[in-house]
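The values are calculated or read from the model by the stated rules, or taken from the named source; none is laboratory data. As the structure is a computational prediction, the values presented were derived from the model and not from experiment. Neighbour counts are summed over all protein chains in view; Cβ atoms, including those assigned to glycine, are modelled from backbone coordinates with ideal geometry. Quick note on the areas: whole protein, heavy atoms, side chains included, nothing else; ligands and nucleic acids left out. Shrake-Rupley method; radii C 1.70, N 1.55, O 1.52, S 1.80 Å.
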Amino acid sequence: MQFNTISIGEFRKENLRNANYYLDDLIITDNIKHVEQFRHPCRINAITFLICASGELNCSINLRDYQISSNGILVNFPENIIQIADANDFKGPILLISRPYLEKLHIDVRKKLISYINLKENPQTKVAPEDITFFQHFYYQMKESIDNNCPERDSIIEGLIISF
């Protein structure tokens with residue numbers, strides 16, 4: 001069975017509301033409701049982080065169902081098949097980072113083998129409320145950096161991604 005693979009460039013062509021793009025390598029948004037591509041099973045050619053500050057999200061990854069609620073994080077890898085069934089009251093930052101961009105920054109998630117295996121087997125985790133606050137601050141800092149056209153923008157974004 002063939003599944004649609006969506007790249008960051010394809011998301012960019014859709015010109016999603018409330019989304020910030022950095023080249024074809026990075027998307028950050030806090031609004032998942034308008035992303036129709038997730039309604040059907042697909043692959044996303046990026047590592048995806050969904051950070052739930054409130055509400056909940058129901059999805060499946062590789063035919064396994066997950067429910068992410070407040071203080072939950074979901075990590076999805078490009079080789080996975082994801083489908084979001086319901087995210088009507090989901091609120092929180094969403095970050096998509098292309099694999100080529102991570103490779104450019106010399107970040108290979110697979111080299112952190114234990115974490116990678118744990119996330120592949122169980123892509124959802126619960127964190128403390130202060131961690132969610134940290135991720136929200138990260139989101140706003142990243143958004144501001146993407147919007148800012150200062151000469152150091154590329155270095156700032158790279159540093160933020162590496163620290164993330």
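The strands (runs of 3 or more DSSP E) falling completely within the stretch 44-147 that include 2 or more residues that are open to solvent by less than 60 Å² (accessible area, probe 1.4 Å) map to 47-52, 56-61, 64-69, 72-76, 82-86, 94-97. Looking across the stretch 148-164, the residues that are under 19 Å from Ser98 (Cα atoms) and either of a type in the set (D, E, K, R) or part of a helix (DSSP H, G or I) (or both) come down to Arg153, Asp154, Ser155, Ile156, Ile157, Glu158, Gly159, Leu160, Ile161, Ile162, Ser163. Taking the criterion of being within 21 Å of Val75 (Cβ to Cβ) and without any contact (Cβ under 8 Å) to a residue 24 or more places away in the chain, the residues of the stretch 137-158 that qualify are His137, Tyr140, Gln141. Quick one: would you say Asn31 is open to solvent by less than 40 Å² (accessible area, probe 1.4 Å) and polar (S, T, N, Q)? When the stated conditions are applied, Asn31 passes them.
Among the residues examined, Phe11 does not qualify as crowded, with 18+ Cβ neighbours inside 10 Å and in a strand (DSSP E or B).
Each residue in the stretch 14-28 was checked for being surrounded by 17 or more Cβ atoms within 10 Å (Cβ to Cβ) and more than 15 Å from the chain's Cα centre (by Cα), and 0 of them qualify. Is the stretch 105-125 home to any residue that is at pLDDT 90 or above, of a type outside the set (Val, Ile, Thr) and in contact with a strand residue (DSSP E or B) (Cβ under 9 Å, 6 or more places away or on another chain)? Yes.
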